1. With a point put 7 Å past each Cα toward its Cβ, work out how far D146 is from E103 in nm, to one decimal.
2. Starting from the 7 Å offset along Cα-to-Cβ, what nm value, one decimal, do you get for the label separation of S126 and Q58?
3. Rounded to the nearest 0.05, what FRET efficiency do L24 and Q46 have when you use their Cβ-Cβ distance and R0 = 45 Å?
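Values quoted throughout were computed directly from the atomic coordinates according to the rules given, and no laboratory measurement underlies them. Keep in mind that what you see is a predicted model, and the values were worked out from it rather than measured. Cβ: placed from backbone, ideal geometry, glycine included. Neighbour counts: every protein chain shown.
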Amino acid sequence: MSDPQINGAEQPSQQASSLPMHVLAQYVKDLSFENPNAPQSLLPNQPQPQVNIGVDVQAQMVGEDVYEVTLQLRCEARQGETVAFIVELSYGGLFQLPGLPQEHHRPVLMIEGPRMLFPFARAIVSTATRDGGYPPLLVNPIDFADLYHRQGGAQAAAEQQPQQPPF
């Protein structure tokens, strides 16, 4: 006979069924790769590009208990003052939050949603840069909890600032 509890812990099959979020779909919403200075930027002995990466996360309700989370990555590589390449990716996912209290929706969507989408978005960016003639760009893992808390803190600080009269 199978015991659902082993030393007070649930078995893995029961843990998986109790997750508060279901992934319904994942998809590329928009993808752009620009290689404005090719082939000069691909010639031998070019300086190593300096890469800047921007991240944004958005969430919106699209149906009853169904939400779209969009992870946006913008990667710009420069060789000195010259742009080597730009990759812009908007990667979306549809998530369902059955039985999760409303007050937990935003943090779950803004932290767990992009955390689930990130590995797929990272692979797309890597493939795009490789196919553009560069070594694959491997975006470092992102701490979406920290990003959420920093954005929340900045938003709360902005709301506490006194409103300036228009000039």
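1. 2.8 nm
2. Each label point is offset 7 Å from its Cα along the Cβ direction, giving 2.7 nm.
3. Approximately 0.55, to the nearest 0.05.
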